[in-house]
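**Q** Here it is, the structure, as structure tokens.
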Ligand SMILES: Cc1ncc(C[n+]2csc(CCOP(=O)(O)OP(=O)(O)O)c2C)c(N)n1
Ligand SMILES: Cc1ncc(C[n+]2csc(CCOP(=O)(O)OP(=O)(O)O)c2C)c(N)n1
Ligand SMILES: [Mg+2]
Ligand SMILES: [Mg+2]
């Protein structure tokens, strides 16, 4: 049997629905149709009345989820694309994210955001939005990079008593496969050493993990042992694991698919520089998408975001610094 | 004569209206009423038909401005509070910010955002939003800290062929005074040495500049010469001026009133660490608001954000590192 | 949050009708007295930030509160002191929130009109206009999913808030889901300084109802005799499962937008029009005319209201403010996932 | 972007009426032919990303394009090939955008239906539904501020987009400003897979017009004989200064949401209902019935359309794609304020 990243998302939702009667799903085209990406396929039939089609009203979708959470439910929202969460941005950051802090009433909602670039998708169907949500207090922001993580972290997201921004990467939906669903889960909020090494640390997350791993593999042919850290969750950010890795390697390259200004790479480098300055043998470095909207054309897109190739180039240069 | 920061905003708008027939103002309660903060007082009378009250429709307000800009106008939008720009967030980051990149047609709109905390304002009338807008490509983000800057930068914003997010700090509206309006302007996009020094660099912007200057003054009594850099514009970020300062002092503390994750302090420290690592004699440090919504009560608020006192404490510690 | 008065009971018999109106009037009086206390504290510089009153809107607001029962959901807005009290919110909540007592429901984290008790069906507004309506929908939907019926959710907004996208999305959402939502618009002619004609172009906001496929109710918001039966009817309709309705009440804000605002922009003609009537005065006259009360009773009620307000204020003024060093500075319910990362050498 | 046909001219006399319908039909035919080409290129794997067709919506769309003149403003959406062509957009724009030619109006930065020529009044849609309407308002307002009159702005949206807050805010804004906006809703019964009954609860979307204080027009979107005069009337009304209107046309999307979608969810009953009629077929029959054309002409028009499409495709296929090394990677018009900060040791 082979399970894709997308299958795992569906299975996690099926399990959450099966095991917890407080869970329901709300989103555009998610019921009978099974969602734009089929992440909820078959669930409306299996769980009658609990997989609900919403109008094209992202603001009200989030408000609805918050109200349901107040009443004790644990809704999972699907935004059709992460980019379309912006009309719901206000309700996410000002309503959902402030509820517990203001009232002590928890707000256990999960907002599934199909994120990131795929070839030919263009400026409005490709965005990485983790930095926006991580900036506001009151949200947990997950960026799973593997089939195992997307499954176990989605279940964890539903169980968490806070709003979770669940950034799924569309590029991984079909590309990424595992033999089976995981039976154990790593701790929420902890990063993971995806590949051990000793010469340099690459910190990555979401789809960039795989570019980083490919770069590390390539560099291993040149004799370098690159350690790759998968952040898994960007808020909270597991600075300890990153610092421990830098303690081993002395060199840090941080890779993100989102825009540079204030993105994950800025936050990681700021933390390592402030907290572990003396562990660094060379300036920490970062690699991000270019500071323009995400281009439509495949050749532009491939240049816009970091790739295994640009990562290995950057790594080689940093190894020489 | 004495001119407040708020007067300067009004005078800049009056001048823009007088000198450029393409300029008009659009916002809630800005016409006859003169705006919630009186930043447009008297302008509707002086410029009939060009100071227009909008419905409470932030999304449509931004869309309106973009359309007008396409037609060659140079609208200035007033959001009643920066916090209320969130319902207009989508139009700002996806419509206004992408227009020129997609079509070559410039989008010269200025969005005035009354930002930042004042005592007793609470979670929804106090937000700093510069990091959110700086993250998205296609926007210029200004954070003027002085009467002179708020005047000349607002005029510059109107003249710039791109959407400018103009973050005015409400705390400075009445507190900050100058003798007269400036007749010259510093270059847009360049930071400024607000106070020269040699022992440590504090990078600040907006209201935090004044807390930093107060801290520097206090520390001068202890014999320290603290250099204070006013970023003025956070996007583009003038890394050169910051690095040149760090080259002189070897120590960097970056102060921001916004939340820590991915804020200005993260970006500044990431840039200095990556580009000027070897100039640093100690780990760069940052001081931000706490990672919760902005509290209502004055004593909580005073603890939530950095102050001259917390800045001078942080500076003393960093000087000993 | 007990609310005994209920809709169907008060249609016919005079005794219960009398009681109902007296009850409504006394909440209105208490709300007015409380609001005036806040205005006075504001003038004395004893309140941090703004003060927002419901002056002139008490008849409408109280009717919303009275049309709801325990177990219902209520999202009041800035001018709903009367409705909140009638719904059962303790007077202390208001005073504590305005005065920043750490014992208040918002623990001084939020202030003035931003308070509520979500566990008891009273949603704490965020400032963003229109944003609470879909939250009411969510509570109602979740209850339906649990198999509960017979409840009502009410949300109050102003004329200005009808221009928000949130208003539209939420009302449409309620209509599609056929939720028992009563959406009450207090058309007080202005949104801050902005008059209706700069806010919308329809003849009446009631014309919006058909566009959502919901029922519409039009009320004279200055007259308790219209407001109370009107809201009871709307709530009863929702409770019976007939779906959402839009209640549009016309009145005039008899104060500034906030106490900092002298409302000089309010047209004199409006002030002298029927819209400018003070609903409290109108209700009082009605009670007197009906012979349901007399001057002695009115005086006693006034005194009682004043006493309650003074007592609460005096009590809260002795309560502690928040202690920043006892704050955990964590926005998450899951404390273990908090970052506490205001990161500074201070914390080193 | 020249558009000669204009409203008033075509009310009475049969010759110009005939010409107008033939013109409309030929644009519809060209649009259908072009769309089908894209579908075929998609199936051949020659298009990056999705393909979205206007099949079944050509009569409505072309009518919008024909009701507008040079100098007007048009914000088409994903199913408006016909309207765009009729408004004057060159066929090459479409092909270049779909095929990612660097010579296209979006220079391969944006793709498929995301293209336009803002300088010529043709606004390039962003994907976020409802977001373009207020942009049309802005163009119209700016023109009014310049003292220009007699222009019209049209925006097209689907039934699903009526649920967005953007739709509401923008239509209300246009109404308050009394702008010459014609907002055209193509109610094709589905938003992606979501049927009307999960999108709104009003009897007809036309019921929305009164709530905004705008004029409403209801049309059979399958019938050019209703669409063309209807849009001409709405545009003439706007042009005369009478304010915005809402045009609601009923029809059925005769294709998937995109070409990846088999639309298996479309109810069979709907397909066989009058809504399921193919507007191109209906128009053809009408022209034949009127004796305004014959099979020979039809065949010639078809051949000509096919030839234009083939020619454009062949040409564009020889055009260069974008060169990432020639990109400036700066989103700002003010190049000197760009950061170019993708920051990497690569760039050191
Ligand atoms: C989305 C949003 N934009 C702007 C504001 C600022 N604001 C607060 S109250 C107000 C006027 C509200 O008018 P209305 O809805 O008529 O209520 P009223 O004050 O008259 O009771 C405005 C513009 C806000 N709170 N939310
Ligand atoms: C704000 C927003 N939310 C979600 C989407 C995703 N989306 C794209 S098209 C579509 C359906 C649109 O339906 P409708 O408005 O009826 O137009 P049609 O496709 O039927 O022509 C959806 C949900 C979007 N583009 N924008
Ligand atoms: Mg009002
Ligand atoms: Mg549709």
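Here, each number is a calculation from the coordinates, and none is a lab measurement. It should be emphasised that the depicted structure is a prediction, and the values quoted were computed from it without experimental measurement. Quick reminder, even Gly has a Cβ in these numbers, built from the backbone with ideal geometry, and neighbours come from all protein chains shown.
**Q** For the range D:65-87 and the range B:20-42, write down the distance between their C-alpha centroids in whole Å.
**A** 35
**Q** Follow-up. Please give the FRET efficiency for residue D:269 paired with residue C:203, using the beta carbon to beta carbon distance and R0 = 56 Å, rounded to the nearest 0.05.
**A** Calculated transfer efficiency: 0.90.
**Q** If contacts are Cα pairs under 8 angstrom and at least 6 residues apart, what is the relative contact order of chain D in percent?
**A** Reported as a whole number, the value is 21 percent.
**Q** Restricting to the protein assembly as shown, what percent of DSSP beta bridges are antiparallel, rounded to 5?
**A** Within the protein assembly as shown, antiparallel bridges account for around 15 percent of the total.
**Q** Still on this structure: Starting from the 7 Å offset along Cα-to-Cβ, what nm value, one decimal, do you get for the label separation of residue C:46 and residue A:20?
**A** 4.6
**Q** Using just the helices of chain D, give the 222 nm mean residue ellipticity in deg cm²/dmol: DSSP H runs with n ≥ 4 each add -39,500 (n - 2.57), and the total is spread over all residues, rounded to 500.
**A** -13000 deg cm²/dmol, from helical runs alone.
**Q** Pull up the DSSP beta bridges for chain C and report the antiparallel fraction as a percent, rounded to 5. All intermediate terms of the calculation are to be shown ahead of the outcome.
**A** Values: 3 of 25 bridges.
Bridges in chain C are about 10 percent antiparallel.
**Q** Taking the rotation axis that maps chain C onto chain D, which residue of C brings its Cβ closest to that axis, and at what distance in whole Å?
**A** C:165, 1
**Q** How tilted is helix A:207-220 with respect to the longest principal axis of chain A? Cα atoms for both, answer in degrees (0 to 90, nearest 10).
**A** Value to nearest ten degrees: 30.
**Q** Can I ask one more? Along Cα→Cβ at 7 Å, what distances in nm separate the residue B:198 label point from those on the other copies, shortest first?
**A** 4.5
**Q** So, one more: Between residue C:103 and residue C:16, take the C-beta separation as r, use R0 = 51 Å, and let me know the FRET efficiency to the nearest 0.05.
**A** 0.90
**Q** For the range B:1-98, calculate the relative contact order in percent as a whole number, restricting contacts to Cα pairs under 8 Å that are 6 or more residues apart. Each step should come with its number before you reach the end.
**A** On the way: 133 pairs, mean separation 27.1, N = 98.
Reported relative contact order: 28 percent.
**Q** For the range B:107-156, what is the relative contact order in percent, using Cα pairs closer than 8 Å and at least 6 residues apart in sequence?
**A** Answer for the range B:107-156 is 20 percent.
**Q** For helix A:308-320, what angle does its Cα long axis make with the longest principal axis of chain A, in degrees from 0 to 90 and rounded to 10?
**A** That helix lies at roughly 40 degrees to the long axis.
**Q** Same structure again: Among DSSP beta bridges whose residues both lie in chain A, state the antiparallel percentage, nearest 5. Could you put the intermediate results ahead of the total?
**A** Values: 7 of 38 bridges.
Roughly 20 percent of the beta bridges in chain A run antiparallel, per DSSP.
**Q** With runs of 4+ DSSP H residues as the only contributors, calculate the mean residue ellipticity of chain A at 222 nm using -39,500 (n - 2.57) per run, divided by the residue total and rounded to the nearest 500.
**A** Value at 222 nm, helices only: -11000 deg cm²/dmol.
**Q** On a 0 to 90 degree scale, rounded to 10, what angle separates helix A:264-275 from the longest Cα axis of chain A?
**A** The angle comes out at about 60 degrees.
**Q** Still on this structure: What are the label-to-label distances in nm, one decimal and shortest first, from residue C:225 to the same spot in the other copies, with labels 7 Å along Cα to Cβ?
**A** From this label point to the equivalent ones elsewhere in the assembly: 5.8 nm.
**Q** Is the shape of the range A:196-321 rounded, prolate or oblate, going by the alpha carbon gyration tensor and its root eigenvalues a ≥ b ≥ c, with a/c under 1.5 for rounded and a/b larger than b/c for prolate?
**A** Judged from the Cα gyration tensor, the range A:196-321 comes out oblate (a/c at least 1.5, b/c at or above a/b).
**Q** For all pairs of alpha-carbon atoms in chain A, what percent lies in each bin of width 10 Å, listed from the first bin to the last filled one?
**A** 6, 28, 35, 22, 8, 1
**Q** Got a sec? How would B:78, D:218 order by Cβ neighbour count within 10 Å, fewest to most?
**A** Listed from fewest to most nearby Cβ atoms, that is D:218, B:78.
**Q** Further, regarding this structure: What FRET efficiency comes out for the pair residue C:36/residue C:326, r = Cβ-Cβ distance, R0 = 35 Å, nearest 0.05?
**A** So the FRET efficiency works out to roughly 0.55.
**Q** Mind running the shape call on the protein assembly as shown? Use the C-alpha gyration tensor, a ≥ b ≥ c as the square roots of the eigenvalues: rounded below 1.5 for a/c, prolate if a/b tops b/c, oblate otherwise.
**A** Rounded.
**Q** Then there is this: How far is residue C:148 from itself in the other copies, in nm, if each label sits 7 Å out from Cα along the Cα-Cβ line, shortest first?
**A** Ordered by increasing distance: 5.6 nm.
**Q** How big is the gap, in Å, between the Cα center of the range B:172-194 and the Cα center of the range D:230-276?
**A** 55
**Q** Under a point spin-label approximation (7 Å from Cα along Cα-to-Cβ), what is the residue D:335-residue B:321 distance to one decimal in nm?
**A** 4.0
**Q** Hey, another quick one. Sort D:204, C:101 so the one with the fewest other Cβ atoms within 10 Å of its own Cβ comes first. Could you put the intermediate results ahead of the total?
**A** Numbers: D:204 17, C:101 24.
Ordered by Cβ neighbours within 10 Å, fewest first: D:204, C:101.
**Q** Could you tell me the distance between the Cα centroids of the range B:221-277 and the range D:102-133, to the nearest Å?
**A** Result: 39 Å between the Cα centres.
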